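Quick notes on the structure that follows.
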Amino acid sequence: MVVVYVVLAVAVVAAIYFLFLRPTAPSPTEELTPGQEPTGEKPSTPRLSEARKPKSEPAVPGVTEPAGVEPEAPPAPSPQPEHTATETRSASEKPSGKQSPALITTPEPEVSLRPTQSDGSGPDSLQRAMTSGPPSVAHVRNVEGLRRGLQKSRSKDGFFGRLLTLFSGKKEIDPNITAQLEEVLLASDVGTKTTDVLLGRVRERLGRGELADTDAVWAALKDEVLRILSVSDRPGAFSMRDKPTVVLLVGVNGAGKTTTIGKLATRLKSEGRNVILAAGDTFRAAAVQQLVVWGSRVGAEVVRGKDGVDPGSVIFDAVQRAKLIGADIVLADTAGRLHTKANLMAELKKVVKTTSKALEGAPHEILLVIDATNGQNALAQAAEFQQAMPLTGVVLTKLDGTAKGGVVLGICDTLQLPVRYVGLGETANDLHDFVPEEFVEALLGRE
């Protein structure tokens, strides 16, 4: 009987538990109110609509979307026009006239303005590799640099060395000193005309008793050399009076025209000038390519034409391009001309005339590039070019490669043209402004 009562009590307790005390889970069709947590040990199964809805990130970090509000979909990107191979021009770059079909423009490379890194790997490392040092913006007196470049002329067998041997160790004037001086001057490619002028002035001063010793003769010789070299009241580099200033470089093959243009472009770019290079030597592909390389190095735009095109048309287009973009200067290369070929010199005259059509008053400078190692042949070349066109100055290249530095005297005295630059090496910094006082001190100054 007791057992029956115990079984009934357990059944009653079980029934009460299952009916009233056991926790119940919500049915799948029931929805939870916001903030309600499901009861029971196992999490409830999410609704099908909630499972399919993608989870979206808040539009702004730290800001959540309001409950029950769907986030806005991002706007669809607008279709972009396809790039074509045809280059478009801005309104400010519309050409003033029809462009020559032979014109090929190598645009100015973009130059980074970031400072050079301390390890030398910055954007200026190429420029430093091309030159032995940063080109100076303004002219700096550098007699020692000139003296090093004139080392061969100052050697024992050079112009200075022979003069020094003639005067050293002597206290009194030898009556035959003028004859010995004449021999030294002629051997140094000074030229017969200039030698006669120098000796005439020395003899005149000797006759007046002004030259009592060798030191006085040496000083008088330096004075006369300076007088011959000072053929212009504007020594040094050419001036940039107009914008753009058009500079035409002429000369025979191998004189160094293209290299001189590259060196000038390096200097002018370092001064903040906008430079355009005109590859007018259209008959020699190597010259055009060399100018393109220089332009890439220094950041200058190069205007060139197809092989064999009229050189005048290339220079014409270069001047037009300079006017369009507001460039400061145009450096124009020309084909090498043999001064003995009348037809070639006539073609060069045509180039000069075409340049004047592109810009009134152009070319503003016509520089004759002369190889100093040619000696007296350089004088003959210069005379022919001067007859063909109005030269404004001379660039004397490769002066470091000859011991006959006296050729400068013959050029200035015979042509009455100022020497604008002298080349004393291969780097851009080795193109020196020609200042007569500095040159005389570097060539004839005794250490």
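Annotations for the structure displayed:
- Dipole of region 143-229 [Lys/Arg +1, Asp/Glu -1 at C-beta], most positive-end residue of SER188, GLY145, THR165: GLY145
- Greater than 29 Å apart at Cα, pairs in LYS306/LYS404; LYS306/LYS357; LYS156/LYS222; LYS243/LYS349; LYS193/LYS243; LYS222/LYS349: LYS306/LYS404; LYS193/LYS243; LYS222/LYS349
- Note that region 379-384 has calculated 3J(HN,Hα) couplings of 5, 5, 4, 4, 5, 5 Hz, one per residue in order, obtained from phi through the Karplus relation 6.51 cos²θ - 1.76 cosθ + 1.60 (θ = phi - 60°); glycine and proline are x.
- Burial order of peptide ranges 259-265, 205-211, 157-163, 313-319 (average beta-carbon count within 10 Å, highest first): 313-319, 259-265, 157-163, 205-211
- Gain on full stretching of the segment that runs from GLU347 to VAL12 - 0.36 nm per residue minus C-alpha separation: 107.7 nm
- Computed lengthening from GLU360 to ALA187, 0.36 nm per intervening residue step minus Cα-Cα distance: 57.8 nm
- Listed from fewest to most Cβ neighbours within 10 Å, the set ARG304, ARG241 follows the order ARG241, ARG304.
- Here the scattering of region 163-319 is modelled by Debye summation over its C-alpha atoms, one equal scatterer each and no solvent; at q = 0.15, 0.16, 0.19 Å⁻¹ the log10 of I(q)/I(0) is -0.81, -0.86, -1.08.
- Relative packing of 379-392, 290-303, which averages over residues the other C-beta atoms within 10 Å, highest first: 290-303, 379-392
- Calculated FRET value between LEU324 and GLU437, using beta carbons and R₀ = 35 Å, to 0.05: 0.30
- Tail weight of P(r) past 31 Å, computed on alpha-carbon pairs of region 245-436, percent: 11 percent
- A Förster distance of 60 Å, applied to the separation of the beta-carbon atoms of PHE283 and ALA212, puts the FRET efficiency at 0.50.
- Measure of compaction for region 238-314 (Cα Rg per 2.2 N^0.38 Å): 1.07
None of the figures in this text is laboratory data; all of them are computed from the coordinates on show. Note that the structure is predicted; figures quoted are calculated from it, not measured. As a convention, Cβ positions derive from the backbone with ideal geometry for all residues, glycine included, and neighbour counts pool all protein chains shown.
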